[in-house]
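Next up is a structure, given as structure tokens.
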Amino acid sequence: MARTYVSAVVPATAESVWQLVRPFDALPQWHPAIDSSVLEEGGATTVGALRRLRFAGGDTTVLERLTALDDTARTFTYELVEHPFPVRRSVSTLRVLPVVDTGEAFVEWSAESEEDAADAAGAQTLVEELYGSGLCALQQHFAVSRPLHVASAD
């Protein structure tokens with residue numbers, strides 16, 4: 001079993017970040033690699049929901065199932081159901097935590113997957129790049145919408 005982990009500090013409150021990432025069909029609103037997300041079963045916050053993602057710039061699609069959602073802990077978990085990737089099984093978790101001393105959000109995205117040894121390095125790199133670009137996009141999204149504090153000169 002391989003474990004992939006990425007994290008980032010996002011310049012917004014944990015609650016603001018959670019409200020953006022929480023809906024299971026919201027990836028296209030903030031992740032540049034995802035062109036569309038269609039719920040094929042269930043609602044955007046319904047455990048068991050199925051979403052079909054289409055990646056930007058191509059015909060690659062995946063089907064994922066939401067397996068856990070916890071608003072109090074600001075975390076959700078999902079698994080790949082149908083995909084073209086060289087993995088037998090993959091379960092991912094996204095979690096948003098507050099950074100208490102700055103008021104920002106700490107976002108972590110991880111995956112546990114099973115794949116053949118020959119495919120492990122490539123699969124991990126793919127996930128790291130995908131999750132990393134998503135967290136970078138979150139940082140940029142909130143950096144743009146966050147007003148700058150300018151100290152006045154007296």
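The values are calculated or read from the model by the stated rules, or taken from the named source; none is laboratory data. As the structure is a computational prediction, the values presented were derived from the model and not from experiment. Glycine gets a Cβ as well: all are built from the backbone with ideal geometry, and neighbour counts include every protein chain shown. We work out accessible area using only protein heavy atoms, side chains counted, and drop any ligands, DNA or RNA first. Shrake-Rupley method; radii C 1.70, N 1.55, O 1.52, S 1.80 Å.
Please tell me if GLU64 is open to solvent by less than 20 Å² (accessible area, probe 1.4 Å), at pLDDT 95 or above and in a strand (DSSP E or B).
Yes, satisfied.
How many residues are within 22 Å of LEU126 (Cβ to Cβ) and within 15 Å of the chain's Cα centre (by Cα) if we restrict to region 1-24?
7
Among (1) open to solvent by less than 60 Å² (accessible area, probe 1.4 Å); (2) of a type in the set (Asp, Glu); (3) in a loop (DSSP other than H, G, I, E, B), there is one condition ASP59 misses while meeting the rest; what is its number?
Evaluating ASP59 over (1) open to solvent by less than 60 Å² (accessible area, probe 1.4 Å); (2) of a type in the set (Asp, Glu); (3) in a loop (DSSP other than H, G, I, E, B) leaves (1) as the failure.
Also, quick follow-up: Sort out which residues of region 57-85 are of a type outside the set (D, E, K, R) and closer than 15 Å to ARG95 by Cα, and write them in order of number.
Those that are of a type outside the set (D, E, K, R) and closer than 15 Å to ARG95 by Cα: LEU66, THR67, ALA68, LEU69, THR72, ALA73, THR75, PHE76, THR77, TYR78.
As an exercise: evaluate ARG74 against (1) within 15 Å of the chain's Cα centre (by Cα); (2) of a type in the set (Lys, Arg); (3) open to solvent by 60 Å² or more (accessible area, probe 1.4 Å) and give the number of the one condition it does not meet.
If we test ARG74 against (1) within 15 Å of the chain's Cα centre (by Cα); (2) of a type in the set (Lys, Arg); (3) open to solvent by 60 Å² or more (accessible area, probe 1.4 Å), just (3) comes out false.
Among the residues of region 77-113, count how many are in contact (Cβ under 8 Å) with a residue 24 or more places away in the chain, among the aliphatic types (A, V, I, L, M) and either open to solvent by 40 Å² or more (accessible area, probe 1.4 Å) or more than 22 Å from ALA44 (Cβ to Cβ) (or both).
4
OK, next. Which of the residues belonging to region 1-51 are part of a strand (DSSP E or B) and open to solvent by less than 60 Å² (accessible area, probe 1.4 Å)?
Correct list: ALA2, THR4, VAL6, SER7, ALA8, VAL10, ILE34, SER36, SER37, LEU39, LEU50, ARG51.
Counting just the residues of region 112-139 that are at pLDDT 90 or above and out of contact with any Pro (no Cβ under 9 Å at 6 or more places or on another chain), which one comes out farthest from THR4 (Cα to Cα)? Lay out the reasoning, then the answer.
Let us first name the residues in region 112-139 that are at pLDDT 90 or above, namely 112, 129-139.
Add one more test, that the residue is out of contact with any Pro (no Cβ under 9 Å at 6 or more places or on another chain), and what stays is 112, 129-132, 135, 138.
On the way: GLU112: 7, GLU129: 10, LEU130: 11, TYR131: 9, GLY132: 11, LEU135: 14, LEU138: 19 Å.
So, considering only residues that are at pLDDT 90 or above and out of contact with any Pro (no Cβ under 9 Å at 6 or more places or on another chain), the one farthest from THR4 (Cα to Cα) is LEU138.
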